[in-house]
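Take a look at the structure below.
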Amino acid sequence: LNVAEEKFVLDTLAGCIEYKSLLDVVVNAFFARDGRYCLASERNLYIVICYLATFQLEELGLQHFSRIVKSLDTVKMHKFLRFFFNALYLNTWIKDEWSRLYDSVYVKENWIDPLLRWQPKVQQLIEKLADKLSNRTTNIKISTVTQPKEFNLTVPKPRAIPVPLPIPVLEKSPPVPPSTYKPPKEKKQLEKIKTKNRQKAEVTNTNQFRCAAVKPEKAEVCYKIRVFLTGEEIVPFLRQYLEIVWELNDNIPIKLNAAAILREGALYQRKMEQELQRIENLLRGTGDPSEFLEWQKQMRGKDLEEQLAEIEYRRLRGKLSHEEAVLAHQNVIQENKKKADLMREEKAELMHEYAERCLQEQKEMRELVEKVVEGHKNAKQAKLKLQKYKQQIVQEVCEENRELLRQALEEEEEKLKKKYELIQQIRAIESLPILKHKFVDLTETGGHGLICEMSIVELRERLALLREAQKAAEEEKRDQIIHDKQAKEQLLLDKLDQISIFRAELGRAAALKQEEKKRKSQLGERQMKDERILNLQKKIVEKAMERKKQAERL
């Protein structure tokens, strides 16, 4: 060390010994709170930093103090400085503990106040250490990369331009056949078959297979809903769509799976049993519930008419509210126009005031700019001095970084040499030949002293016997599955024959019911008997006339 450095080290050592009791207060508290996991051997390091920060910070300056801190471990310095320069700790328990050893006024003026004055600048140093911990970037010297050079090769001759191939011409496609735009013949054939089936159904007995017919109360409700949907006030395309769906749903083939076949067969079987039970009850003398069903059908018809009237009433109420809303909207438009005129007048006045204010502000800004230009002329010289001072600091920091990087590279080279020597030793050990020859007799047991021990040959024989037994069991199970599958297929075929018979009879009965419903629907038409609906229609007409007059005025 030179003379100045030796003097600084001796002064620091003497100060640490002189103020040991004072420094122990801070270091002991640090080890008790934030430094619980720090090593006890680092205690002298924290004592020296605490002494420099308390007694030598004014003489050293922040620059030299930060250089000392950055040369040490970043994690340790960040933790200790954050603990020591905490304003709350300095004003409370540190001040109280130091006041027990020295005079309280002397402690506050000479030690606490300077530390609080340096606290904002040291806080910036702590933030830099935190950023360094979060990033942890290391500058590694990048070696120069070899730049390749092109080979001196002969330049190839330019290739001749190939003759272009002729563009293939597509053949003229044949015109679209006229049959594309004509209806298919199959549709006409299906209609003929449909009419023939209906004629056959009219000839057959209507009372046959009565158990599969639709209940009369359900048929009556469906008939009234259909009459309501075919009224004049329903949307035309909806009525046409429903008619087409009803016609197409007559004879549509349905592909059934096994579950559907069994389910439908059980349904028809249950209906057949119910019909037989009903016939037995009639034979025993029980009453016929036809009168009750007729009364029930009439009551349900009345309820349906009331529901339809209520629906029509709600529709007309909605239409009336729509007309009232249109009138209210037109009134709001007129009010908005008046408000818009008032807003335009107020906007013109405000724009005039704003233009005058802008002119006044422009004049003030010109005067301010002239003053600022004069101040810039004086500030240029100060900037040049500051720039030179910063350049000197940067050069010093760069030299220190180069020295630290050189030391780090030397340490890495030593580590790599040690690793290389260790790898060579391991490879030399692995290259030695290892003789492992063991002869195995497959007929002998392992000799472990267990009851279930067996040789490999015996194990293979037992496995072969188990495989044969497993194959025999699989064959037996496969035969059983095939037998069950055939029995199930035969059952499904029987069910399909039964379902086809029931469906044919149900289709004939449905065709007769449909013809009867059409004849009834042509005779009777629904009439409006509710006075509320008539009154609503009159109100809607009046509101529509009023809306048209209001629109003409606008």
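The values are calculated or read from the model by the stated rules, or taken from the named source; none is laboratory data. Just so it is clear, the model here is predicted, and its values are computed rather than measured. Positions of Cβ are backbone-derived with ideal geometry, glycine not excepted, and every protein chain shown enters the neighbour counts. Only protein heavy atoms, including side chains, enter the accessible area calculation; ligands, DNA and RNA are left aside. Shrake-Rupley method; radii C 1.70, N 1.55, O 1.52, S 1.80 Å.
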Condition test on R317, is it assigned by the TED database to the domain that holds N535, basic (K, R) and at pLDDT below 85?
yes
Considering only residues that are of a type outside the set (A, V, I, L, M, F, W, C) and farther than 12 Å from L81 by Cα, which ones fall in segment 26-50?
N28, R33, R36, Y37, S41, E42, R43, N44
Look through K200, K194 and report the one residue that is surrounded by 10 or more Cβ atoms within 10 Å (Cβ to Cβ) and at pLDDT 85 or above.
K194
If C50 meets every condition in (1) closer than 29 Å to L404 by Cα; (2) outside the structural domain of L10 (by the TED database); (3) hydrophobic (A, V, I, L, M, F, W, C) apart from one, which number is that one?
(2)
Which pairs have Cβ atoms under 7 Å, sit 6 or more apart or on different chains, and link a residue in segment 99-120 that is part of a helix (DSSP H, G or I) and modelled with pLDDT of 85 or more to one that is among the charged types (D, E, K, R) and loosely packed, with under 15 Cβ neighbours inside 10 Å?
P114/E58
Taking first residues from segment 341-369 that are surrounded by 10 or more Cβ atoms within 10 Å (Cβ to Cβ) and second residues anywhere that are in a helix (DSSP H, G or I), the pairs with Cβ under 6 Å that are 6 or more apart or on different chains are none
Selection count, segment 1-59, where residues are open to solvent by 30 Å² or more (accessible area, probe 1.4 Å) and of a type in the set (G, A, S):
6
Does segment 82-96 contain any residue that is basic (K, R), part of a loop (DSSP other than H, G, I, E, B) and more than 16 Å from L129 (Cβ to Cβ)?
no
So, in segment 529-545, of the ones that are open to solvent by less than 80 Å² (accessible area, probe 1.4 Å) and closer than 19 Å to L304 by Cα, which residue ends up modelled with the highest pLDDT?
I533
Test Q381 against the criterion of being among the polar types (S, T, N, Q), modelled with pLDDT of 85 or more and outside any loop (DSSP other than H, G, I, E, B), and give yes or no.
no
Kindly indicate the residue of segment 451-489 that is farther than 30 Å from A258 by Cα and among the β-branched types (V, I, T) and also least open to solvent (accessible area, probe 1.4 Å) among those meeting that condition.
V457
Just the residues that are within 13 Å of A29 (Cβ to Cβ) and open to solvent by less than 70 Å² (accessible area, probe 1.4 Å), please, taken from segment 80-126.
F80, F83, F84, N86, Y89, L90, T92, W93, I94, K95, E97, W98
